[in-house]
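To start, the structure itself, in structure tokens.
The values are calculated or read from the model by the stated rules, or taken from the named source; none is laboratory data. Note that the structure is a prediction, hence the values are computed from the model and not measured. Side chains are part of the model used for accessible areas, which takes the heavy atoms of the whole protein and leaves out ligands, DNA and RNA. Shrake-Rupley method; radii C 1.70, N 1.55, O 1.52, S 1.80 Å.
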Amino acid sequence: MGTRDPEEGQLPAPVKPPDGGWGWIVLFGCFVITGFSYAFPKAVSVYFKELMKDFHVGYSDTAWISSIMLAMLYGTGPVCSIMVNQFGCRPVMLIGGLLASAGMILASFTTNIIELYLTAGVLTGLGMALNFQPSLIMLGTYFDKRRPLANGLAAAGSPVFLSSLSPLGQVLLEKFGWRGGFLIMGGLLLNCCTCGAVMRPLDMGMKRKMEKTQDKYEAKEMLPIGGKSEEGIRTTGGLKKAKKAKKKPKKGKKLLDFSIFSNRGFIIYTISKFILVLGLFVPPILLVNYAKDTGVPDTEAAFLLSIIGFIDIFARPACGVVAGLKWVRPHVAYLFSFAMLFNGLTDICSARARNYTGLVIFCVFFGISYGMVGALQFEVLMAIVGSQKFSSAIGLVLLIEAFAVLIGPPSAGRLVDALKNYEVIFYLAGSEVVLSSIFLAMATYCCLNRGKKKEAPPEKNPSAGGGGSDTEEAESDVQEAEEHSSDNHQPAHGTDNTVVAASDEANHVAEEQSREGGGCPEGDGEVLARDDCNTDQMVERERF
């Protein structure tokens, strides 16, 4: 879809991702946001034992806190998409940071579990959702060739924060209690506002710089003599306003694009992710309490999450590098399927771990597989729908996954309360993850790859498609410039200057349209773009 200009009410021309520069700052902000969004619901599980004692509730009741956070993170996806397309990423992220912090601060004053659901669950979860999705959209805007690596590095924020927030939560719990820990955690979440402030819109910044340069250049070219420069700028501004007013009614606001459901790859991805989320988050949420119930001390039990996080730190960037290889990137869906299979088998094989050593081994392999899944999940989605429709696609996917989040961890917690046995939970979670991997691989091979072999795509003629639109716009701009000059009747010596100014403006518009359209050949003094010019549009639509 692209980022909207709120002042114009229409989509600006797409800007080529720089794959660096300020994008590295955006990547760091996305790193922090991803860390808070994914690690925070798991790190809060450190406080569950104390919450069970103070509020006299069972484990399944406290597990709803993490589930509601994740459900808000996923379920508000379409709302985030609409807000981002309407207001932009930066304002939405600033509001989200304030809401996330306010939720944890208010949670420190709660007196029952319901109030905790509304504050730490709903409010903090909504705030993190308003940060998480826009940060991924901005990352896809700034990176193209290095996008798999960028996604891997940004996804590494989850294990880094998980390995630090979990021990920090245990320390805060021992020194200040769960109320003091929640209050300090709320202060830490204010860093999301800082990350939102660095999310500078790429296309608008580039567009404004280009417009300023064009205005100065046009003023000098049209009327180089001192006092008449302002008149040239006014003439140029009038032409641009007339052009914008003419184009404005052509494009309406499309806040959420549902056409992506016609993409078979998107449907397959959505179904597999729904099955995956049913079991993916269950082991790390139950791990700390499982270790405590087997006799592991509290500090060592919390350290298990740090082991997963430490391994995950290296697994995600490494998987991003592998996914970016030329011979791997076209088949990234199969790599994602392998990662899910690895994760599911790890859960199943480690279900009978009874001592601390067995749990540590489980954490090592789970960290590797979990890191691979985290690094590839959004890269695969971007490859399916392209960066232009990613803002709508991720919102709809997260909404569908929210139902799985509300089913998975709470159901697992209720089974623990009923059976007093963690082994069944690990078997069930692992089986769901394995099923999702098998479905993704089989559906990709049978429905997509085999269909491509049977139906050879017809060759597209660029000049017959969108190539003529730029030429027509250039011609209309010329006619508009000529009409503007003919309507303003002036003395004989002033009329010549006006016609020259209009002709120069039309030449500049035609050259600008040809450059945006893919490098049409330019002649000396040509006003109209050539009809036989082929326009190569950069449209990212990588299939499985």
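Computed values, structure above
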quantity: Per-residue SASA entry for Val160, accessible area with 1.4 Å probe, Å² rounded to 10; calculated: 40 Å²
quantity: Computed Kirkwood radius, in angstrom, where 1/r is averaged over Cα pairs of region 16-219; calculated: 17.7 Å
quantity: Kirkwood hydrodynamic radius of region 257-451, from inverse mean 1/r over distinct Cα pairs, in Å; calculated: 17.4 Å
quantity: Share of pairwise Cα separations in region 37-143, more than 16 Å, in percent; calculated: 57 percent
quantity: Region 85-127 - Debye-derived log10 I(q)/I(0), Cα point model, q = 0.23, 0.32, 0.33 Å⁻¹; calculated: -0.66, -0.98, -1.01
quantity: Ranked order, Glu174, Glu379, Glu300 - accessible area, probe 1.4 Å, largest first; calculated: Glu174, Glu300, Glu379
quantity: Measure of compaction for region 140-199 (Cα Rg per 2.2 N^0.38 Å); calculated: 1.49
quantity: Estimated vicinal HN-Hα couplings, Hz - region 269-282 in sequence order (Karplus 6.51, -1.76, 1.60; Gly, Pro = x); calculated: 4, 5, 5, 5, 5, 4, 5, 4, 5, 4, x, 5, 8, 5
quantity: In order through region 367-380: 3J(HN,Hα) via Karplus (6.51 cos²θ - 1.76 cosθ + 1.60), integer Hz, x for Gly, Pro; calculated: x, 5, 5, 5, x, 5, 5, x, 6, 9, 4, 7, 5, 5
quantity: Ranking by accessible area, most exposed first, for Thr110, Thr194 with a 1.4 Å probe; calculated: Thr194, Thr110
quantity: Order of exposure, largest accessible area first, which applies to Leu335, Leu399 with probe 1.4 Å; calculated: Leu399, Leu335
quantity: Square roots of five times the Cα gyration tensor eigenvalues for region 306-407, Å; calculated: 27, 18, 11
quantity: Exposure of Ile68 as accessible area (Å², to 10), given a probe of 1.4 Å and all protein chains; calculated: 30 Å²
